[in-house]
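All remarks here apply to the structure that follows.
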């Protein structure tokens, strides 16, 4: 039995026909005639020495040999396509595609993009606001911003600023609730997006840190952190705001952190990209810009006592 691979064009014809289960649709996808596609598949079968399709009346189905070949052929062409796109992106220094969660996109990236655009008019930014797992090759992504405690040994991974949560509210509400004990009577907002963290960084943990025995459950619950912050901005109540999502509003006076104590989440946002691509001009420019923007509000963290849920100050 020969190990030499058959012609790539014949394999491509087979892959298309196996995915569509139709010679006509496969021919249309590849912009060839059905007769030309049929010839390519016939040559592949001759190379193998066995049929790959059963030709039925107005339909085809895979033989046992065809079913064995189809998954590998599809994966192989997808891998080639991903590799080709990756090679093409390396030649492109003018565009940058970034994926980040909806909350981070809305509260951290979007309000600051004007500054980046002013500093780098040569770079065209594209954003995908999504929490789903992205494949840098398949999804043509250059940079991902992700939150959690995970490590990413196969990627270039740069941890960003320490993440904490602290009660934030409008200045008007802060006047009504001057200390932690009085906050027991305040309308509280719940950000359920970080319920996956353990130890928990919730209202019960924060009140315990302040020496107040209170486990609140009543109040509006939000599955998206940016929606919870928007409710606080509207004066609906007090939210345990996540650092990255509230520092700009604190810096500009729309929200305040009057009690001086925050809980460490133990997790961070991370700047991710494929290894060896971190110094591509547009990737480096975006990374350096993010670090500069973060540095502008480090004074807010410096003004807080950041405590982990075991009660240790950091």
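Expressed as an acute angle from 0 to 90° and rounded to the nearest 10, what is the orientation of the C-alpha long axis of helix 8-20 relative to the principal long axis of the chain?
Approximately 70 degrees, to the nearest ten.
For a Förster distance of 25 Å, can you work out the FRET efficiency between the beta-carbons of residue 162 and residue 182, rounded to the nearest 0.05?
After rounding, the FRET efficiency stands at 0.35.
Relative contact order for region 8-90: what percent, with Cα pairs under 8 Å and sequence separation of 6 or more?
Averaging sequence separation for qualifying contacts and normalising by length gives 27 percent for region 8-90.
If I model a spin label at residue 210 and residue 304 as a point 7 Å from the Cα along the Cα→Cβ vector, what separation in nanometres do I get?
Label-label distance for residue 210 and residue 304, simple model: 1.3 nm.
Could you order the peptides 159-167, 277-285 from most to least packed, using the average number of other C-beta atoms within 10 Å per residue?
Top of the packing list down: 159-167, 277-285.
Hey, what angle do you get for helix 281-295 against the long axis of the chain, alpha-carbon based, 0 to 90 degrees rounded to 10?
With rounding to tens, the tilt is 20 degrees.
Efficiency by 1/(1 + (r/R0)^6): what FRET value for residue 81 and residue 218, r their Cβ-Cβ distance, R0 = 45 Å, to the nearest 0.05?
Given R0 = 45 Å and the Cβ-Cβ separation, E is 0.30.
Calculate the spin-label point distance for residue 172 paired with residue 115, positioning each point 7 Å from the Cα along the beta-carbon direction, and give it in nanometres.
It is 2.9 nm.
Considering the chain as a Gaussian network with a 10 Å cut-off on Cα pairs, which listed residue, 187, 199, 71, attains the greatest mean-square fluctuation?
Most flexible of the set in this elastic network: 71.
Calculate the radius of gyration of the Cα atoms of region 13-167 to one decimal place, then report Dmax, the largest Cα-Cα distance, as a whole number, both in Å.
Calculated on Cα positions, Rg and Dmax stand at 22.9, 72 Å.
Residue 88 label point, 7 Å along Cα→Cβ, cut-off 19 Å on backbone N: hits in region 17-41?
Of the residues in region 17-41, 29-31 have backbone N under 19 Å from the label point off residue 88.
With springs only between Cα atoms under 10 Å apart, run a GNM on the chain and tell me which of 63, 301, 209 wobbles the most.
63
Any idea how far apart residue 28 and residue 133 come out in nm if each label point goes 7 Å out from Cα toward Cβ?
Simple spin-label model gives 3.4 nm for this pair.
Could you tell me what fraction of 2.2 N^0.38 Å the Cα radius of gyration of region 135-256 comes to, as a two-decimal ratio?
1.21
Which of 239, 212 comes first, and how do the rest follow, when ranked by fewest Cβ neighbours within 10 Å?
Fewest-to-most ranking of 239, 212: 212, 239.
Specify the angular offset, from 0 to 90 degrees and rounded to the nearest 10, of the alpha carbon long axis of helix 64-90 from the longest principal axis of the alpha carbons in the chain.
60
Could you tell me the ratio Rg/Rh of the chain? Both radii from Cα atoms, Rh via Kirkwood.
My calculation of the ratio gives 1.17.
Can you compute the FRET efficiency between residue 284 and residue 58 using 1/(1 + (r/R0)^6), with r the Cβ-Cβ distance and R0 = 51 Å? Round to the nearest 0.05.
Once rounded, the FRET efficiency stands at 0.35.
Could you identify which residue out of 128, 295, 22 has the top mean-square fluctuation in a GNM of the chain using Cα springs shorter than 10 Å?
Result for the chain, Cα springs under 10 Å: 22 fluctuates most.
Return 210, 290, 21 ranked ascending by Cβ neighbour count within 10 Å, so the fewest neighbours appear first.
So the ranking, lowest neighbour count to highest, is 21, 210, 290.
Tell me, 62, 291, 245 in order of fewest to most beta-carbon neighbours within 10 Å?
The most exposed by this proxy come first: 291, 62, 245.
For Cα pairs less than 8 Å apart in space and 6+ apart in sequence, what is the mean separation divided by the residue count of the chain, i.e. the relative contact order in percent?
That works out to 19 percent.
When the Kirkwood radius is taken over all Cα pairs of region 8-90, what Stokes-Einstein diffusion coefficient follows at 4 °C and 1.567 mPa s, in µm²/s?
Calculated translational D: 98 µm²/s.
Every number in this text was worked out from the coordinates using simple rules, so none of it is lab data. In this text the structure is predicted, and so the values were computed from the model without any measurement. So basically every Cβ, Gly included, is an ideal-geometry build from the backbone, and we count neighbours across all protein chains shown.
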